[in-house]
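Just so you know, all these numbers are worked out from the coordinates, no wet-lab data involved. None of these values were measured; they are calculated from a predicted model. Cβ placement follows ideal geometry from the backbone for every residue including glycine, while neighbour counts extend to all protein chains displayed.
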Amino acid sequence: MSHHPENDSKYIGLKVNPGIEKPDAVNSDSVNRFLKKGKRQNLSSEQYIEGILNGNITILSQAVTLIESNNPLHQQIAQEVIIKCLPHSGNSVRIGITGMPGAGKSTFIEVLGKRITKQGGKLAVLAVDPSSERSKGSILGDKTRMDELSTDPNAYIRPSPSAGTLGGVARKTREIIILCEAAGFTTIFIETVGVGQSETVVHSMVDFFLLLQIAGAGDELQGIKRGIMEMADTIIINKADGDNYDKAQLAAAQFRNALHLFPPTGSGWIPPVLTCSALEDSGIAEIWEMVKSYVALTQKNTYFNSRRSDQARFWMYETIHETLRTNFYQNPLVKTTLPDYEKLVPENTISSYIAAQELLATYFKSMLKE
């Protein structure tokens, strides 16, 4: 480093100053501090519970990770935490939000969420998205589009992997709701991407179900399943602004006419159809007031609590079904014999019914031996 050939006397008028020793590409001190800081402590169930009840978001996130884990030890700790958090849960309004892709769910959630937090509420945003089962990726990619809400100290947005069946994902989502409520969140948004069975699953764990739509995408009513409209406690036509304003009003009128054909709801609530522009923050205040009116009505006529009781019972059975399903397919003998039946059934060597009965018999015999 001290000698440069350019400083040779034959190069007149040229001088190169000596350089410095090249530093390490990585600052080892910073890396060590980062690794030390990043080491997660193995907390006891009591420490998780204490942290959650104190509203510690870091500990809440770690507890949620335990719920999502398939590790038996993690599941054991998670269930201990859930049981202790149950008496502190149930004090929120759970709102399901669904709608076709492009309906503006991310912007809608952010604008409505900011209104809730500005009024002193605490908001948690979760999701149920079976479409990412192939990639096993994050189910709430929208988080990157909720810039303001994701940095709001009174908001918690949780992306989660959906590695597993929709029933398993939904069960874990419901358990996460319990932890969020115990941590003091007063409003829970549960978003679904709006495809497949996910709407039915979300409807079974929320107090209020909101269907978000847009106008100008063709025949609006043709694109909506009757079952989803029957589940909806309100239909919101988003993007009612600019040149799309009149189309949104027309779409709202069409939906109102369609809803009149449905039977009365058990809650005594008549689902309204409203328009809004999440982009311009217009109509959002009216939507939130409408949600509060629904909660007040259903709490007064006892439908609110009876529905939650029915949901708790439903998820008990769903958990039984999911556990039996998992145990069956994880059984060593079933794993060994299942491929043979998969070959025999398509060949019509054996019927699907008989194959299922024999596989179940194999499973029960192995359970008796244990």
Exposure proxy ranking, count of Cβ atoms within 10 Å, fewest first, for Val93, Val169, Val125: Val93, Val169, Val125
When you count, for each residue, the other Cβ atoms within 10 Å and take the mean per peptide, how do 286-295, 177-186 rank with the highest first? 177-186, 286-295
Give, in nm to one decimal, the length gained when the segment between Tyr353 and Phe262 is fully stretched (0.36 nm per residue of separation minus the Cα-Cα distance). 29.0 nm
Label-point separation, Leu368 to Glu230 (7 Å along Cα→Cβ), nm: 4.2 nm
Unsatisfied cross-links (Cα-Cα over 32 Å) in the set Lys247/Lys300; Lys84/Lys118; Lys105/Lys172; Lys84/Lys292: Lys247/Lys300
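Suppose R0 equals 45 Å. What FRET efficiency, 1/(1 + (r/R0)^6) with r the Cβ-Cβ distance, do Ala361 and Ser69 give to the nearest 0.05? Spell out each step's value before the answer.
Details: r = 33 Å, r/R0 = 0.73.
Given R0 = 45 Å and the Cβ-Cβ separation, E is 0.85.
So if each residue of separation counts as 0.36 nm, and I subtract the Cα-Cα distance between Arg325 and Gln249, what length gain in nm does that give?
Details: separation 76, 0.36 × 76 = 27.36 nm, distance 4.70 nm.
Difference between extended and current length: 22.7 nm.
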So if I take the centroid of the Cα atoms in the stretch 59-88 and the same for the stretch 237-262, what is the distance between those two points in Å? 43 Å
